[in-house]
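Worksheet: one structure, shown below.
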Amino acid sequence: MRDFAYKRNANDVSRNLMTWYMQSKRELPWRQTQDPYSIWVSEVMLQQTRVETVIPYWNRFVEQFPSLHALAEADEQTVLKLWEGLGYYSRARNLQAAVREVAASYGGVVPKTAAEFSKLPGVGPYTAGAVLSIAYNEALPAVDGNVFRVLSRIFLIQEDISKPKTRALFEGLAVSLIPPGIAGDFNQALMELGAVVCMPKNPNCTECPVQQQCMAFAEGMQRELPVKGKKSAPRLSPMYAVLLQRPDGKWAMRKRPDTGLLAKMWEFPTWSQHELSLEDYVEQLGITHKQVEKLQPVAQVDHIFSHLHWQVSVWMGQLIDNTAGDSDQQLIWLSTEEMEEKSLAAVHNKMKLLIKQREGGGASD
């Protein structure tokens, strides 16, 4: 009897959800194409980023790189600069690495099978399911945070969604709900419902097309689902950063290592307060205390990564000659105009704003 009740409920869920979606779906630019590459770009950008934020980035990105080959052949710094502000820059690096592999190994055609597509850099179960179902109509699940929330509420699933075995449960459930021949639309409908109706804190149950099938609503438990283990708070990491300007008006910057946090991005010299004092670090840059004047604190900049909370004490100083720091081969001296050509993470863009305020005559503290 339970299996029969589930199947009847599932059929009603799929039918009502699709009717609602076809009538109410948002007109998003990547929904106007069946090009697998363009859809792939949108799905990568949408990971951990709101739709409203992604739209202008996606438009600029596909205009600059209209084809998979165009992105494969692009300079990485150009790609990162266009991605600037979206965060999670490993997404951009992995995407470019993956399309280069597609160009080299698959003749520029995005693989149609999950087995092949999932081998590419940065392609996990969600990305594979979303891209292949939308572009090729493959009957694959695309389980993201929205889908976890929607399905856990509709079917009153109280397992912890942070556990791998629970993902497998949801993926199996999602596949069983896909109506024949419309996998892409159905997956988008589930995501859409989670984005605009079945929201995390304030679900709009009165407007929900599957309210009558929602077991959590019937039990008054919709705000308690999904169940997710508590995530550790980002670790507080006190940092220093120095904004050093030569008499010629140029500022000290450097490129971060090829791997690790903010890999290959440009930054003002930044380091952990636990490693070195301010004075010792400046000396390591090949700058003696006699070559610096007016080194003073100008701001505290906070930035939260998924696992770290940077609390950056920003200092600004003037150098007395244009040779200070020449012994540090990592330092590059750039004008504010030259900085605009470099890809900076959000935390360093905040510091760049302090410089612009100073050069524009505004207060920086």
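Points worth noting:
- Residues of segment 238-262 satisfying the condition of being among the polar types (S, T, N, Q) and crowded, with 16+ Cβ neighbours inside 10 Å: Q245
- Single residue of P247, P209, P203 found to be outside any strand (DSSP E or B), in contact (Cβ under 8 Å) with a residue 40 or more places away in the chain, of a type outside the set (A, V, I, L, M) and within 30 Å of N322 (Cβ to Cβ): P247
- Selection from segment 290-312 of residues that are surrounded by 14 or more Cβ atoms within 10 Å (Cβ to Cβ) and closer than 16 Å to K352 by Cα: V298, A299, V301, H303, V312
- Qualifying residue in segment 147-169 (condition: assigned by TED's automatic domain parsing to the domain that holds N11, of a type in the set (K, R) and crowded, with 21+ Cβ neighbours inside 10 Å): yes
- Annotation note: Cβ proximity below 6 Å between a residue of segment 267-293 that is closer than 12 Å to A241 by Cα and a residue that is of a type in the set (K, R) (sequence gap 6+ or interchain) occurs for E267/R256.
The rows are residues; the columns are (1) under 28 Å from the mean Cα position of the chain (by Cα); (2) farther than 23 Å from K352 by Cβ.
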position: Q212; (1), (2): no, yes
position: K230; (1), (2): yes, yes
position: Y240; (1), (2): yes, no
position: Q245; (1), (2): no, no
position: L262; (1), (2): yes, no
position: L278; (1), (2): no, no
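- Identity of the residue in segment 94-134, under 19 Å from A72 (Cβ atoms) and in contact with a Gly (Cβ under 7 Å, 6 or more places away or on another chain), that ends up surrounded by the fewest Cβ atoms within 10 Å (Cβ to Cβ): N94
Table: residues versus (1) assigned by TED's automatic domain parsing to the domain that holds L177; (2) of a type outside the set (S, T, N, Q).
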| site | (1), (2) |
| --- | --- |
| M191 | yes, yes |
| C198 | yes, yes |
| G229 | no, yes |
| M239 | no, yes |
| P247 | no, yes |
| K255 | no, yes |
| S272 | no, no |
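- The residues of segment 19-44 that are buried (at least 20 other Cβ atoms within 10 Å of the Cβ) and among the hydrophobic types (A, V, I, L, M, F, W, C), listed by number, are W30, I39, W40, V41, V44.
The values are calculated or read from the model by the stated rules, or taken from the named source; none is laboratory data. Note that this is a predicted model, so its numbers are computed, not measured. For neighbour counting, all protein chains shown are included, and Cβ atoms are generated from backbone atoms with ideal geometry for every residue, glycine included.
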